[in-house]
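What follows is calculated from the coordinates using simple rules that are stated; it is not laboratory data. None of these values were measured; they are calculated from a predicted model. Backbone-built Cβ (ideal geometry, glycine too); neighbour counts: all protein chains shown.
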Amino acid sequence: MVWKPNVTVAAVLEREGRFLLVEEETEHGICYNQPAGHLECRESLIDAVIRETLEETAHTIDPKYLVGIYNCRNEARDVTYLRFSFGGELTAHDPGRQLDSGILAAHWLTLAEIRALQAQHRSPLVMRCIEDWLAGRRYPLELLTHCP
């Protein structure tokens, strides 16, 4: 059997000192995460983060930066995630749009509120991606190539 990581995307979105996180129901209870999800077959990483952000928050993102690439192992679940995190601008919001199954709500939270919820973060990457954003990590999207 060939081992493969789970490739995921996430959006790190800040507005007026608040970050957009989703509150979601998981098998481990309620968790908080960036708008995030799995890359689908034949989908570019950019298209994936646009889709996931819309599905989970009803916001449309225009990705401008790669914040980081993260290799994170969950030993308890025997899963490795390769996460591509993006920053960008929100261009639209559809408040009437139904959110993805399992998503309870999208929240704009302060850094203090996010830190207070750390025990409920979906993974350690939630805080790490925000810290990288706050540290000014912004890499050009030209680093990524999609070969259809």
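Yes/no matrix, rows are residues, columns are (1) among the aromatic types (Phe, Trp, Tyr); (2) under 19 Å from residue 121 (Cβ atoms); (3) surrounded by 15 or more Cβ atoms within 10 Å (Cβ to Cβ):
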{"site": "3", "(1), (2), (3)": "yes, no, no"}
{"site": "12", "(1), (2), (3)": "no, yes, yes"}
{"site": "28", "(1), (2), (3)": "no, yes, no"}
{"site": "36", "(1), (2), (3)": "no, yes, yes"}
{"site": "42", "(1), (2), (3)": "no, no, no"}
{"site": "45", "(1), (2), (3)": "no, no, yes"}
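Take the residues in the stretch 79-122 that are among the small types (Gly, Ala, Ser) and surrounded by 14 or more Cβ atoms within 10 Å (Cβ to Cβ); name whichever of them is farthest from residue 69 (Cα to Cα). The selected residue is 106. Within the set 54, 82, 66, the sole residue that is within 13 Å of the chain's Cα centre (by Cα) and assigned to a helix (DSSP H, G or I) turns out to be 54.
Within this structure, residue 64 fails the test of being surrounded by fewer than 21 Cβ atoms within 10 Å (Cβ to Cβ) and without any contact (Cβ under 8 Å) to a residue 24 or more places away in the chain. Listed by first and then second residue, the pairs with beta-carbon distance under 6 Å, at least 6 apart or on different chains, first residue in the stretch 129-148 and more than 22 Å from residue 43 (Cα to Cα), second outside any strand (DSSP E or B) and of a type outside the set (Lys, Arg), are 129/12; 133/12.
Among residues of the stretch 20-47 that are part of a loop (DSSP other than H, G, I, E, B), those with a beta-carbon under 9 Å from a residue that is of a type in the set (Phe, Trp, Tyr) at least six positions away or on a different chain give the pairs 34/19; 39/84.
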